[in-house]
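For reference, the structure discussed in these notes is given below.
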Amino acid sequence: MDYKKIFEMLKKLEGLVQWGEVECEEGIPYNIYGMGKDAINIIGEEALAQFSEVAECLLNSDQSILETVTLKDIEDEIILVLRKTKNGVLNIEMIKGILSKLRNQPIKEYEVFYPLYGVKYRTEEPIQIGPFTIYNLEIHREHLLKKYPKSDYVFKLKYDEVKLKDNQFLLISIVVNTRNHKSANEKGKVKLRKFEDAIRFMVADFWKQYDVGVFNFNSYRWTDGIIVSSDEIGTSTQGTGAIRQISLNQRQEVILKSKNGNDRIWSLFAKSNLNDMEQRIMNAIEWAGKALRDEEPTRAFIQYMFAFEALLQFQQKGQLVSPSITYQISEFVAFIVNESLEDRLMTEKMIKDLYGKRSAIVHGGSTEVSKEDLLQAFSILRNLIVTLLVHEEFKDVKSVQQLNEWVKKQKYS
(Lines give C-alpha, C1' and ligand atoms only; values in the text may rest on other atoms or scores of the structure.)
Protein backbone atom coordinates (compact mmCIF):
# COMPACT_ATOMS: atom_id res chain seq x y z
CA MET A 1 0.00 0.00 0.00
CA ASP A 2 1.32 3.43 -0.95
CA TYR A 3 0.88 5.33 2.33
CA LYS A 4 2.97 8.21 1.01
CA LYS A 5 0.62 8.75 -1.93
CA ILE A 6 -2.44 8.71 0.33
CA PHE A 7 -0.67 11.07 2.75
CA GLU A 8 0.01 13.57 -0.06
CA MET A 9 -3.62 13.38 -1.21
CA LEU A 10 -4.88 13.91 2.33
CA LYS A 11 -2.43 16.77 2.84
CA LYS A 12 -3.84 18.49 -0.24
CA LEU A 13 -7.37 17.98 1.07
CA GLU A 14 -6.35 19.47 4.42
CA GLY A 15 -5.32 22.63 2.59
CA LEU A 16 -8.68 22.86 0.81
CA VAL A 17 -11.04 22.49 3.79
CA GLN A 18 -12.40 25.53 5.63
CA TRP A 19 -13.20 25.66 9.35
CA GLY A 20 -16.07 27.24 11.22
CA GLU A 21 -19.17 29.00 9.97
CA VAL A 22 -18.61 29.80 6.31
CA GLU A 23 -21.02 31.57 3.97
CA CYS A 24 -21.35 29.46 0.82
CA GLU A 25 -22.08 31.19 -2.46
CA GLU A 26 -25.24 30.17 -4.24
CA GLY A 27 -24.69 27.49 -6.88
CA ILE A 28 -21.39 26.22 -5.46
CA PRO A 29 -21.53 22.59 -4.24
CA TYR A 30 -20.44 21.89 -0.68
CA ASN A 31 -20.55 19.45 2.24
CA ILE A 32 -20.50 20.55 5.89
CA TYR A 33 -19.54 18.26 8.77
CA GLY A 34 -20.34 19.52 12.26
CA MET A 35 -21.50 22.90 13.56
CA GLY A 36 -20.10 26.19 14.77
CA LYS A 37 -16.37 26.82 14.98
CA ASP A 38 -15.63 23.10 14.70
CA ALA A 39 -17.50 22.67 11.41
CA ILE A 40 -15.46 21.26 8.53
CA ASN A 41 -16.50 22.80 5.22
CA ILE A 42 -15.59 21.12 1.94
CA ILE A 43 -16.60 23.72 -0.62
CA GLY A 44 -16.33 23.73 -4.40
CA GLU A 45 -15.75 21.09 -7.04
CA GLU A 46 -11.98 20.84 -6.47
CA ALA A 47 -12.29 20.20 -2.73
CA LEU A 48 -15.18 17.75 -3.13
CA ALA A 49 -13.35 15.87 -5.89
CA GLN A 50 -10.23 15.64 -3.71
CA PHE A 51 -12.29 14.34 -0.77
CA SER A 52 -13.87 11.65 -2.98
CA GLU A 53 -10.49 10.71 -4.46
CA VAL A 54 -8.90 10.23 -1.03
CA ALA A 55 -11.86 8.16 0.20
CA GLU A 56 -11.91 5.91 -2.88
CA CYS A 57 -8.14 5.43 -2.74
CA LEU A 58 -8.35 4.32 0.89
CA LEU A 59 -11.33 2.06 0.20
CA ASN A 60 -9.59 0.34 -2.72
CA SER A 61 -6.27 -0.02 -0.90
CA ASP A 62 -7.36 -3.13 1.00
CA GLN A 63 -9.57 -5.86 -0.49
CA SER A 64 -11.02 -6.94 2.86
CA ILE A 65 -12.05 -3.36 3.59
CA LEU A 66 -13.42 -2.81 0.08
CA GLU A 67 -15.77 -5.78 0.45
CA THR A 68 -16.94 -5.11 4.01
CA VAL A 69 -17.35 -1.34 4.55
CA THR A 70 -18.92 1.53 2.64
CA LEU A 71 -17.41 4.64 1.10
CA LYS A 72 -19.35 6.61 3.74
CA ASP A 73 -17.48 4.71 6.50
CA ILE A 74 -14.18 5.82 4.97
CA GLU A 75 -15.38 9.42 4.58
CA ASP A 76 -16.39 9.53 8.26
CA GLU A 77 -12.90 8.35 9.27
CA ILE A 78 -11.27 11.00 7.06
CA ILE A 79 -13.34 13.69 8.78
CA LEU A 80 -12.15 12.40 12.18
CA VAL A 81 -8.53 12.62 10.99
CA LEU A 82 -9.07 16.16 9.69
CA ARG A 83 -10.43 17.14 13.11
CA LYS A 84 -7.21 15.89 14.71
CA THR A 85 -5.16 18.07 12.36
CA LYS A 86 -6.85 21.25 13.63
CA ASN A 87 -4.66 21.15 16.74
CA GLY A 88 -2.01 18.77 15.45
CA VAL A 89 0.02 17.70 12.44
CA LEU A 90 -1.11 15.21 9.81
CA ASN A 91 1.12 12.13 9.65
CA ILE A 92 1.18 8.71 8.03
CA GLU A 93 0.34 6.99 11.33
CA MET A 94 -3.07 8.65 11.20
CA ILE A 95 -3.71 7.00 7.82
CA LYS A 96 -2.58 3.62 9.13
CA GLY A 97 -4.91 4.20 12.07
CA ILE A 98 -7.93 4.52 9.76
CA LEU A 99 -7.26 1.15 8.14
CA SER A 100 -6.37 -0.51 11.44
CA LYS A 101 -9.59 0.70 13.05
CA LEU A 102 -11.71 -0.62 10.19
CA ARG A 103 -9.90 -3.98 10.08
CA ASN A 104 -10.51 -4.44 13.80
CA GLN A 105 -14.27 -4.26 13.34
CA PRO A 106 -15.60 -7.86 13.28
CA ILE A 107 -17.12 -9.26 10.09
CA LYS A 108 -20.67 -10.51 10.66
CA GLU A 109 -23.28 -12.31 8.59
CA TYR A 110 -26.30 -10.20 7.65
CA GLU A 111 -29.44 -11.19 5.76
CA VAL A 112 -30.76 -8.26 3.73
CA PHE A 113 -34.52 -8.24 2.98
CA TYR A 114 -36.50 -6.21 0.44
CA PRO A 115 -40.00 -6.60 -1.08
CA LEU A 116 -40.24 -8.64 -4.28
CA TYR A 117 -42.89 -7.78 -6.85
CA GLY A 118 -44.32 -9.60 -9.87
CA VAL A 119 -44.18 -13.08 -8.32
CA LYS A 120 -46.65 -15.14 -6.28
CA TYR A 121 -46.36 -18.44 -4.44
CA ARG A 122 -47.73 -20.22 -1.37
CA THR A 123 -45.43 -23.09 -0.45
CA GLU A 124 -44.59 -24.26 3.06
CA GLU A 125 -40.90 -23.50 2.81
CA PRO A 126 -39.08 -20.43 1.48
CA ILE A 127 -37.70 -20.88 -2.03
CA GLN A 128 -33.94 -20.87 -2.49
CA ILE A 129 -32.79 -19.67 -5.93
CA GLY A 130 -29.03 -19.47 -6.14
CA PRO A 131 -27.84 -17.30 -3.21
CA PHE A 132 -31.27 -15.63 -2.94
CA THR A 133 -34.22 -16.69 -0.74
CA ILE A 134 -37.85 -15.80 -1.43
CA TYR A 135 -40.33 -15.64 1.47
CA ASN A 136 -44.10 -15.27 1.60
CA LEU A 137 -44.40 -13.06 4.69
CA GLU A 138 -47.82 -14.44 5.65
CA ILE A 139 -46.71 -18.08 5.51
CA HIS A 140 -43.09 -17.78 6.61
CA ARG A 141 -43.40 -15.26 9.48
CA GLU A 142 -42.82 -18.03 12.05
CA HIS A 143 -39.83 -19.26 10.08
CA LEU A 144 -38.31 -15.77 10.23
CA LEU A 145 -39.06 -15.41 13.96
CA LYS A 146 -37.27 -18.67 14.73
CA LYS A 147 -34.32 -17.52 12.68
CA TYR A 148 -34.27 -13.96 14.07
CA PRO A 149 -36.22 -13.84 17.39
CA LYS A 150 -35.73 -10.08 17.82
CA SER A 151 -36.99 -9.19 14.35
CA ASP A 152 -40.76 -9.36 14.87
CA TYR A 153 -41.24 -5.67 15.65
CA VAL A 154 -39.30 -4.39 12.66
CA PHE A 155 -41.07 -6.74 10.21
CA LYS A 156 -44.44 -5.57 11.58
CA LEU A 157 -43.40 -1.92 11.45
CA LYS A 158 -42.11 -2.06 7.88
CA TYR A 159 -44.34 -4.57 6.13
CA ASP A 160 -47.61 -5.39 7.95
CA GLU A 161 -49.57 -2.47 6.48
CA VAL A 162 -48.43 -3.41 2.98
CA LYS A 163 -49.24 -7.08 3.62
CA LEU A 164 -52.84 -6.20 4.51
CA LYS A 165 -53.27 -4.79 1.00
CA ASP A 166 -51.59 -7.77 -0.66
CA ASN A 167 -51.85 -11.22 0.89
CA GLN A 168 -49.23 -12.41 -1.58
CA PHE A 169 -46.61 -10.03 -0.18
CA LEU A 170 -43.19 -11.52 -0.82
CA LEU A 171 -39.70 -10.73 0.40
CA ILE A 172 -36.39 -11.59 -1.20
CA SER A 173 -33.17 -11.81 0.78
CA ILE A 174 -29.44 -12.17 0.22
CA VAL A 175 -26.84 -13.06 2.84
CA VAL A 176 -23.71 -10.88 2.94
CA ASN A 177 -20.70 -10.72 5.24
CA THR A 178 -19.69 -7.19 6.20
CA ARG A 179 -18.54 -5.11 9.18
CA ASN A 180 -21.77 -3.15 9.79
CA HIS A 181 -25.43 -3.10 8.80
CA LYS A 182 -25.02 -0.05 6.52
CA SER A 183 -22.39 -1.84 4.50
CA ALA A 184 -24.57 -4.97 4.46
CA ASN A 185 -27.45 -2.94 3.06
CA GLU A 186 -25.25 -1.38 0.36
CA LYS A 187 -23.70 -4.70 -0.72
CA GLY A 188 -27.07 -6.46 -0.55
CA LYS A 189 -28.76 -3.86 -2.74
CA VAL A 190 -26.05 -4.24 -5.39
CA LYS A 191 -26.69 -7.99 -5.52
CA LEU A 192 -30.46 -7.55 -5.59
CA ARG A 193 -30.20 -5.13 -8.52
CA LYS A 194 -28.19 -7.77 -10.36
CA PHE A 195 -30.92 -10.28 -9.46
CA GLU A 196 -33.51 -8.02 -11.12
CA ASP A 197 -31.55 -7.94 -14.37
CA ALA A 198 -30.83 -11.67 -14.31
CA ILE A 199 -34.41 -12.73 -13.60
CA ARG A 200 -35.69 -10.52 -16.43
CA PHE A 201 -33.22 -12.21 -18.75
CA MET A 202 -34.41 -15.64 -17.57
CA VAL A 203 -38.13 -14.85 -17.86
CA ALA A 204 -37.32 -13.35 -21.29
CA ASP A 205 -40.66 -11.59 -21.69
CA PHE A 206 -39.90 -9.26 -24.57
CA TRP A 207 -43.52 -8.08 -24.71
CA LYS A 208 -43.44 -6.90 -21.07
CA GLN A 209 -46.56 -8.68 -19.83
CA TYR A 210 -44.54 -9.97 -16.89
CA ASP A 211 -41.91 -8.30 -14.75
CA VAL A 212 -40.05 -9.27 -11.59
CA GLY A 213 -38.45 -6.51 -9.61
CA VAL A 214 -37.22 -5.23 -6.27
CA PHE A 215 -36.27 -1.57 -6.76
CA ASN A 216 -37.28 -1.06 -10.38
CA PHE A 217 -40.48 -3.07 -10.81
CA ASN A 218 -42.49 -2.13 -13.90
CA SER A 219 -45.87 -1.86 -12.15
CA TYR A 220 -49.01 -1.52 -14.24
CA ARG A 221 -50.30 2.03 -14.53
CA TRP A 222 -52.68 4.15 -16.58
CA THR A 223 -51.68 7.39 -18.28
CA ASP A 224 -54.51 9.75 -19.26
CA GLY A 225 -54.15 12.38 -21.95
CA ILE A 226 -56.39 15.20 -23.16
CA ILE A 227 -56.30 16.53 -26.72
CA VAL A 228 -58.08 19.76 -27.57
CA SER A 229 -58.50 22.17 -30.45
CA SER A 230 -60.80 25.13 -31.07
CA ASP A 231 -63.69 22.85 -32.01
CA GLU A 232 -62.79 19.36 -30.81
CA ILE A 233 -61.96 17.59 -27.55
CA GLY A 234 -60.51 14.11 -27.24
CA THR A 235 -59.07 11.89 -24.56
CA SER A 236 -56.53 9.11 -24.51
CA THR A 237 -55.88 6.40 -21.95
CA GLN A 238 -52.86 4.15 -22.17
CA GLY A 239 -51.92 1.28 -19.87
CA THR A 240 -48.27 0.29 -19.47
CA GLY A 241 -46.35 -2.09 -17.25
CA ALA A 242 -46.62 -5.72 -16.20
CA ILE A 243 -50.20 -7.01 -16.17
CA ARG A 244 -49.51 -10.55 -14.92
CA GLN A 245 -47.66 -12.19 -12.07
CA ILE A 246 -45.38 -15.20 -12.37
CA SER A 247 -46.71 -18.09 -10.29
CA LEU A 248 -43.78 -19.96 -8.77
CA ASN A 249 -45.34 -23.40 -9.06
CA GLN A 250 -43.10 -26.45 -9.23
CA ARG A 251 -42.73 -26.28 -13.02
CA GLN A 252 -41.86 -22.57 -13.08
CA GLU A 253 -39.43 -23.01 -10.19
CA VAL A 254 -37.58 -25.73 -12.11
CA ILE A 255 -37.39 -23.48 -15.20
CA LEU A 256 -36.01 -20.53 -13.26
CA LYS A 257 -33.55 -22.70 -11.37
CA SER A 258 -32.11 -24.86 -14.12
CA LYS A 259 -33.41 -24.46 -17.69
CA ASN A 260 -31.54 -22.61 -20.48
CA GLY A 261 -28.35 -22.34 -18.45
CA ASN A 262 -30.11 -20.66 -15.51
CA ASP A 263 -28.44 -23.07 -13.08
CA ARG A 264 -25.07 -21.83 -14.32
CA ILE A 265 -26.13 -18.19 -13.88
CA TRP A 266 -27.14 -18.83 -10.24
CA SER A 267 -23.84 -20.59 -9.60
CA LEU A 268 -21.98 -17.55 -10.97
CA PHE A 269 -23.93 -15.34 -8.55
CA ALA A 270 -22.57 -17.43 -5.68
CA LYS A 271 -18.98 -17.46 -6.98
CA SER A 272 -16.60 -14.86 -5.54
CA ASN A 273 -13.90 -14.77 -8.24
CA LEU A 274 -15.21 -14.95 -11.79
CA ASN A 275 -12.88 -15.60 -14.70
CA ASP A 276 -12.90 -13.28 -17.71
CA MET A 277 -15.57 -15.17 -19.66
CA GLU A 278 -17.84 -15.64 -16.64
CA GLN A 279 -17.66 -11.93 -15.84
CA ARG A 280 -18.43 -11.04 -19.45
CA ILE A 281 -21.48 -13.33 -19.45
CA MET A 282 -22.80 -11.75 -16.24
CA ASN A 283 -22.19 -8.23 -17.59
CA ALA A 284 -24.07 -9.08 -20.79
CA ILE A 285 -26.98 -10.51 -18.78
CA GLU A 286 -27.16 -7.29 -16.76
CA TRP A 287 -27.33 -5.16 -19.91
CA ALA A 288 -29.97 -7.47 -21.40
CA GLY A 289 -32.05 -7.23 -18.21
CA LYS A 290 -31.84 -3.44 -18.23
CA ALA A 291 -32.90 -3.35 -21.89
CA LEU A 292 -35.90 -5.59 -21.20
CA ARG A 293 -37.04 -3.20 -18.45
CA ASP A 294 -36.56 -0.01 -20.47
CA GLU A 295 -39.71 1.26 -22.18
CA GLU A 296 -37.87 3.71 -24.45
CA PRO A 297 -37.01 1.75 -27.64
CA THR A 298 -33.81 3.62 -28.55
CA ARG A 299 -32.31 3.25 -25.06
CA ALA A 300 -33.29 -0.41 -24.92
CA PHE A 301 -31.69 -1.05 -28.32
CA ILE A 302 -28.40 0.60 -27.31
CA GLN A 303 -28.34 -1.49 -24.13
CA TYR A 304 -28.73 -4.69 -26.15
CA MET A 305 -25.77 -3.59 -28.25
CA PHE A 306 -23.79 -2.80 -25.08
CA ALA A 307 -24.47 -6.40 -24.05
CA PHE A 308 -22.90 -7.76 -27.25
CA GLU A 309 -19.85 -5.58 -26.66
CA ALA A 310 -19.54 -6.46 -22.97
CA LEU A 311 -19.54 -10.10 -23.96
CA LEU A 312 -17.30 -10.20 -27.03
CA GLN A 313 -15.32 -7.00 -27.63
CA PHE A 314 -11.57 -7.12 -26.92
CA GLN A 315 -8.23 -5.75 -28.10
CA GLN A 316 -6.12 -8.48 -29.67
CA LYS A 317 -2.68 -8.73 -28.09
CA GLY A 318 0.29 -7.91 -30.28
CA GLN A 319 -1.83 -6.16 -32.91
CA LEU A 320 -1.69 -2.40 -33.32
CA VAL A 321 -4.87 -2.44 -35.38
CA SER A 322 -7.72 -4.75 -34.39
CA PRO A 323 -10.72 -5.60 -36.58
CA SER A 324 -13.65 -3.21 -36.29
CA ILE A 325 -16.14 -3.91 -33.51
CA THR A 326 -18.80 -4.66 -36.12
CA TYR A 327 -16.65 -7.18 -37.97
CA GLN A 328 -15.34 -8.83 -34.81
CA ILE A 329 -18.67 -9.23 -33.03
CA SER A 330 -20.67 -10.25 -36.11
CA GLU A 331 -18.12 -12.96 -36.88
CA PHE A 332 -18.04 -14.25 -33.30
CA VAL A 333 -21.83 -14.43 -33.05
CA ALA A 334 -22.20 -16.09 -36.45
CA PHE A 335 -19.81 -18.91 -35.55
CA ILE A 336 -21.01 -19.42 -31.96
CA VAL A 337 -24.75 -19.70 -32.57
CA ASN A 338 -24.78 -21.39 -36.00
CA GLU A 339 -23.24 -24.42 -37.69
CA SER A 340 -24.12 -24.10 -41.37
CA LEU A 341 -22.47 -21.62 -43.73
CA GLU A 342 -25.84 -20.25 -44.82
CA ASP A 343 -26.98 -19.55 -41.23
CA ARG A 344 -23.64 -17.98 -40.33
CA LEU A 345 -23.75 -15.61 -43.28
CA MET A 346 -27.33 -14.62 -42.43
CA THR A 347 -26.49 -13.98 -38.75
CA GLU A 348 -23.37 -12.02 -39.67
CA LYS A 349 -25.46 -9.75 -41.90
CA MET A 350 -28.08 -9.28 -39.16
CA ILE A 351 -25.44 -8.16 -36.63
CA LYS A 352 -23.86 -5.78 -39.15
CA ASP A 353 -27.28 -4.27 -39.88
CA LEU A 354 -27.93 -3.84 -36.15
CA TYR A 355 -24.56 -2.13 -35.77
CA GLY A 356 -25.41 0.17 -38.66
CA LYS A 357 -28.50 1.19 -36.71
CA ARG A 358 -26.42 1.65 -33.53
CA SER A 359 -23.92 3.84 -35.37
CA ALA A 360 -26.69 6.03 -36.77
CA ILE A 361 -28.12 6.56 -33.28
CA VAL A 362 -24.89 7.38 -31.43
CA HIS A 363 -23.58 9.66 -34.18
CA GLY A 364 -26.67 11.83 -34.29
CA GLY A 365 -28.46 10.27 -37.22
CA SER A 366 -31.73 8.38 -37.10
CA THR A 367 -33.16 7.60 -33.67
CA GLU A 368 -35.97 5.41 -34.99
CA VAL A 369 -35.88 1.85 -33.64
CA SER A 370 -38.59 -0.59 -34.66
CA LYS A 371 -40.02 -3.48 -32.64
CA GLU A 372 -38.43 -5.78 -35.21
CA ASP A 373 -34.98 -4.28 -34.53
CA LEU A 374 -35.43 -4.76 -30.79
CA LEU A 375 -36.76 -8.29 -31.10
CA GLN A 376 -33.95 -9.29 -33.44
CA ALA A 377 -31.27 -7.87 -31.12
CA PHE A 378 -32.84 -9.53 -28.08
CA SER A 379 -33.34 -12.91 -29.76
CA ILE A 380 -29.79 -13.14 -31.13
CA LEU A 381 -28.30 -11.94 -27.83
CA ARG A 382 -30.29 -14.42 -25.75
CA ASN A 383 -29.40 -17.27 -28.09
CA LEU A 384 -25.73 -16.27 -27.88
CA ILE A 385 -25.63 -16.14 -24.07
CA VAL A 386 -27.57 -19.39 -23.60
CA THR A 387 -25.27 -21.14 -26.09
CA LEU A 388 -22.19 -20.01 -24.17
CA LEU A 389 -23.79 -21.18 -20.92
CA VAL A 390 -24.98 -24.65 -21.94
CA HIS A 391 -22.93 -25.83 -24.92
CA GLU A 392 -20.27 -28.32 -23.84
CA GLU A 393 -17.78 -26.81 -26.28
CA PHE A 394 -17.75 -23.51 -24.36
CA LYS A 395 -17.86 -24.69 -20.75
CA ASP A 396 -14.08 -24.68 -20.42
CA VAL A 397 -13.57 -21.34 -22.18
CA LYS A 398 -12.18 -18.99 -19.53
CA SER A 399 -11.42 -15.87 -21.56
CA VAL A 400 -12.49 -14.03 -24.69
CA GLN A 401 -9.02 -14.72 -26.11
CA GLN A 402 -9.74 -18.45 -25.89
CA LEU A 403 -13.06 -17.84 -27.59
CA ASN A 404 -11.22 -15.97 -30.35
CA GLU A 405 -8.95 -18.98 -30.86
CA TRP A 406 -12.01 -21.24 -31.10
CA VAL A 407 -13.56 -18.98 -33.76
CA LYS A 408 -10.28 -19.02 -35.73
CA LYS A 409 -10.22 -22.82 -35.75
CA GLN A 410 -13.80 -22.97 -37.00
CA LYS A 411 -13.05 -20.37 -39.63
CA TYR A 412 -9.98 -22.03 -41.10
CA SER A 413 -10.75 -25.71 -40.54
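The values are calculated or read from the model by the stated rules, or taken from the named source; none is laboratory data. Everything numeric here is computed off the predicted structure, so don't read it as measured data. Cβ: placed from backbone, ideal geometry, glycine included. Neighbour counts: every protein chain shown.
The residues of the range 307-331 that are touching a Leu at 6+ places or on another chain (Cβ under 6 Å) and either surrounded by fewer than 21 Cβ atoms within 10 Å (Cβ to Cβ) or at pLDDT 95 or above (or both) amount to a single one, ALA307.
A quick yes/no check of all residues on (1) surrounded by 13 or more Cβ atoms within 10 Å (Cβ to Cβ); (2) touching a Ser or Thr at 6+ places or on another chain (Cβ under 6 Å); (3) farther than 19 Å from ILE325 by Cβ; (4) not assigned by TED's automatic domain parsing to the domain that holds ALA204:
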position	(1), (2), (3), (4)
LYS357	yes, no, no, yes
VAL362	no, no, no, yes
THR367	no, yes, yes, yes
VAL390	yes, no, yes, yes
LYS395	no, no, yes, yes
GLN402	yes, no, yes, yes
LYS408	no, no, no, yes
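All of ALA198, ALA184 fail the test of being under 15 Å from ILE246 (Cβ atoms), small (Gly, Ala, Ser) and at pLDDT 95 or above, apart from ALA198. Per this entry, LEU99 is not counted among residues that are surrounded by fewer than 18 Cβ atoms within 10 Å (Cβ to Cβ), among the aliphatic types (A, V, I, L, M) and either without any contact (Cβ under 8 Å) to a residue 12 or more places away in the chain or in a helix (DSSP H, G or I) (or both). Say we look at the range 356-412 and pick out the residues that are hydroxyl-bearing (Ser, Thr, Tyr), under 22 Å from PHE314 (Cα atoms) and not in a loop (DSSP other than H, G, I, E, B); which of these is modelled with the highest pLDDT? The residue in question is THR387.
For the range 254-287, the set of residues classified as closer than 21 Å to GLN209 by Cβ and surrounded by 17 or more Cβ atoms within 10 Å (Cβ to Cβ) consists of LEU256, ASN260, ASN262, ILE285, listed by residue number.
For the range 109-117, the criterion of a residue being of a type in the set (Asp, Glu) and part of a strand (DSSP E or B) is satisfied by at least one position. For beta carbons closer than 6 Å, sequence separation of 6+ or different chains, a first residue in the range 239-268 that is assigned by TED's automatic domain parsing to the domain that holds TYR117 and a second that is part of a strand (DSSP E or B) and hydroxyl-bearing (Ser, Thr, Tyr), the qualifying pairs are ALA242/TYR210; ARG244/TYR210; ILE246/TYR210. Of all residues in the range 221-253, those that are of a type outside the set (Asp, Glu) and over 27 Å from THR123 (Cβ atoms) total 17.
Within this structure, TRP266 passes the test of being under 19 Å from LEU192 (Cβ atoms), touching a strand residue (DSSP E or B) at 6+ places or on another chain (Cβ under 7 Å) and not aliphatic (A, V, I, L, M). Within the range 10-40, the set of residues being of a type in the set (Val, Ile, Thr) and in contact (Cβ under 8 Å) with a residue 40 or more places away in the chain comprises VAL17, ILE40. Considering the conditions (1) more than 30 Å from GLU253 (Cα to Cα); (2) outside any helix (DSSP H, G or I); (3) out of contact with any helix residue (DSSP H, G or I) (no Cβ under 8 Å at 6 or more places or on another chain), THR68 is excluded by exactly one of them, (3). Listed by first and then second residue, the pairs linking a residue in the range 207-218 that is under 11 Å from ALA242 (Cα atoms) to a residue that is β-branched (Val, Ile, Thr), with Cβ atoms under 6 Å apart and 6 or more places separating them unless they lie on different chains, are GLN209/ILE243; TYR210/VAL203; TYR210/ILE246; VAL212/VAL119; VAL212/ILE199. Against the list (1) in contact (Cβ under 8 Å) with a residue 40 or more places away in the chain; (2) more than 20 Å from VAL190 (Cβ to Cβ), the condition THR68 fails is (2). Comparison of GLU46, GLU56, GLU14 shows that the only residue that is under 30 Å from SER272 (Cα atoms), of a type outside the set (S, T, N, Q), part of a helix (DSSP H, G or I) and modelled with pLDDT of 90 or more is GLU56.
Looking across the range 126-147 at every residue that is within 20 Å of LYS191 (Cβ to Cβ) and exposed (fewer than 13 other Cβ atoms within 10 Å of the Cβ), the one that is farthest from the chain's Cα centre (by Cα) is identified as LYS147.
Looking only at the range 199-231, which residues are on the phi > 0 side of the Ramachandran plot and either part of a strand (DSSP E or B) or touching a strand residue (DSSP E or B) at 6+ places or on another chain (Cβ under 9 Å) (or both)? Correct list: LYS208 only.
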